[in-house]
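J.: Here it is, the structure in full.
A short reminder: the numbers here are calculations on the coordinates, not readings from a lab. As the structure is a prediction and not an experimental result, all values here were calculated from the model. All Cβ positions, even for glycine, are placed from backbone atoms using ideal geometry, and neighbour counts span all protein chains on display.
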Amino acid sequence: MDPASLSDRERVDLVAELERLKGAASATQARAVHALGESRAGVAPRDAVRSVGSEVGLARRESPSLGDRFVRVSRALVMELPITLAALSKGVIGERHVIQVAQESAMLTAPDRSELDRRLGPVLGRLSPQAAGRAARRVAAELDAAAVTRRMERAASSRRVSVRAARDGMAYLTVLAPSHEAIGAYAALKGYASNVVSGHRAQEAADGRGTGAVMADTATRLLSGRSAGQVQPVEVHLVMTDRSLLGIGDPSRSVSEPGRVPGHGSVPAPVAQAWVREAPDASVWLRRVFTTPDGRDLVAMDSRRRIFPRLLRRMLVLRDDVCTTPWCNAPIAHADHTRPARQGGATDWSNGSGKCARCNHVKEAPGWRSTVSGGGGSPCRDRAGPRPREVLLTTPLGRTYRSQPPPLLGWGSPTSDSRSGKRAGRRQRVRHHPPTPRRPLIRSRLERELCRLMT
């Protein structure tokens, strides 16, 4: 169907019909996933639930944790929420509605969940996903207040702090805590920031910042144990070319190539330069990293810190960026043997992979296997390798998924096309980034020292 040939009314009708189709497809997925889980019951190993969740996540091209969630939602829909499942099958509601209802009623017994389904099923089509979740929460609290209370008490044990990338070089630092403590901490931050902005804090000036900016600066400073004006003492990796940082090196490379913070994405060259320039000289460590001739992959690193296991793990983090399981994107927690050590897998650059804790454990379950193709060799000897390293992950059902580490500077950099090889990579760089005149260096002591080390 060509939407350009339709009237505006027909286009809106098409969007609505496709939305109903998405709901029906999601309901069919739920039935299939529930049947898959039932087929493993009684004969599967102890960690079968996580294994099925990982398989479902790969099939749906999403993270393993979201795969786990869909497995739980599928079971609830088929076994305990038939009216909600029927509404999803007709396309009256979408997948987000059923996720909200299933999560907010997870603590209820099967009879209570069926009662909740009877009450809410007929009206879900009139509610937004958020409103459906609130309605399910209210009905659950009425049906079994004790279960809801126990769940809230258990939730306190899951309190944690997490960080995830945001747009425009920012990141979210999230504190999950009991609501009264989180609200109290927020109120204290806001009160302090209001005093700073109004000029009632002699020890800290607002310097043009608003209340929100002062709150963020105060929270990050206190959490990292800094005093006002002290630089961030924790090491942050920043990967960028010598051309982008200092204007020296390969003249065919652009001085505007972005840098990359592993696990958090790209940073524009001027911003990365400012981070380095504004840091005190003593706080910046330079490490030279060596790449394949096309500049795509990391093959070695030069450092004054020579504790080999720690350095090797750092190289894996720089190379893989996030967990190597396709679509997982979780931060790297483990340096994993792709071929298990018990099967003779070496603890080296070729066999090492960055994994999150969950994916590392799941790949050890029966039926899972992973292998490496391309890349390989010693990080100090493998200089040319035109084929990037690739991990092949095979599930217990025989489905194989492939993942490659991103180019050293991230996807979308001039070396992203892994099939181009050395020559094509050079042509690509010249075509997209013509030679740029060397920009004048800022003659700080830090930059003079960096230039000396790099040349």
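J.: What is the order of 89, 5, 39, fewest Cβ neighbours within 10 Å to most?
T.: Ranking 89, 5, 39 by Cβ neighbours within 10 Å, fewest first, gives 5, 39, 89.
J.: Restricting the calculation to Cα positions, tell me the Rg (one decimal) and the Dmax (whole number) of region 112-172 in Å.
T.: Reported Rg and Dmax, both Å: 16.7, 47.
J.: Hey, can you rank 249-261, 149-161 by average C-beta count inside 10 Å, highest first? It would help to have the intermediate numbers written out before the result.
T.: Details: 249-261: 18.5, 149-161: 10.6.
Packing proxy ranking, top to bottom: 249-261, 149-161.
J.: Just need log10 I(q)/I(0) for region 161-223 at q = 0.13, 0.18, 0.26 Å⁻¹, Debye formula, equal scatterers on the alpha-carbon atoms, no solvent, rounded to two decimals.
T.: -0.40, -0.73, -1.14
J.: When only Cα pairs under 8 Å and 6 or more residues apart are kept, what is the percent relative contact order across region 3-154? Could you put the intermediate results ahead of the total?
T.: Details: 163 pairs, mean separation 33.2, N = 152.
Contact order relative to length: 22 percent.
J.: Sort 368, 411, 349 so that the residue with the fewest other Cβ atoms within 10 Å of its own Cβ comes first and the one with the most comes last.
T.: The fewest-first ordering by Cβ neighbours comes to 411, 368, 349.
J.: Do you know the relative contact order of region 128-229, to the nearest whole percent, from alpha carbon pairs under 8 angstrom that are 6+ apart?
T.: Values: 61 pairs, mean separation 14.1, N = 102.
Averaging sequence separation for qualifying contacts and normalising by length gives 14 percent for region 128-229.
J.: Considering region 3-154, what Rg and Dmax in Å follow from its alpha-carbon atoms?
T.: When restricted to the Cα atoms of region 3-154, Rg and Dmax are 17.0, 58 Å.
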